[in-house]
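Student: A single structure is presented below for examination.
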Amino acid sequence: MKTRNPFLGGIIAAVMIGFGSWRLYNYFVLGEEMPTWRVVLSVAIVIYGLVVAFNALSKKDAE
């Protein structure tokens, strides 16, 4: 069975949450014009980053 590195998962999650949040901040707070598909993609990136973070934290607690 292949094991995953929870530290690397945490870094990837932080980058994804940070990038998606930055794009959403520019759109909602600063009023930057952005196509709808980019807003949806940014939300999806943040949600996926949260899922990766949850999985990395839960794997670390289980070990």
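Student: Out of the residues in the range 1-44 that are hydroxyl-bearing (Ser, Thr, Tyr) and in a helix (DSSP H, G or I), which is farthest from the chain's Cα centre (by Cα)?
Tutor: Only one residue fits best here, namely Thr36.
Student: I'd like the residue in the range 49-63 that is out of contact with any helix residue (DSSP H, G or I) (no Cβ under 6 Å at 6 or more places or on another chain) and at pLDDT 90 or above and, out of all such residues, is surrounded by the most Cβ atoms within 10 Å (Cβ to Cβ).
Tutor: So, considering only residues that are out of contact with any helix residue (DSSP H, G or I) (no Cβ under 6 Å at 6 or more places or on another chain) and at pLDDT 90 or above, the one surrounded by the most Cβ atoms within 10 Å (Cβ to Cβ) is Leu50.
Student: Something else: Contact list please: Cβ distance under 6 Å, first residue in the range 8-35 and surrounded by 14 or more Cβ atoms within 10 Å (Cβ to Cβ), second residue part of a loop (DSSP other than H, G, I, E, B) and aliphatic (A, V, I, L, M), pairs at least six apart or on different chains.
Tutor: Tyr27/Met34
The values are calculated or read from the model by the stated rules, or taken from the named source; none is laboratory data. Owing to the predicted nature of the structure, the values given are computational and were not obtained by experimental measurement. With ideal geometry, Cβ positions are generated from the backbone for all residues, glycine too; neighbour counts draw on all protein chains shown.
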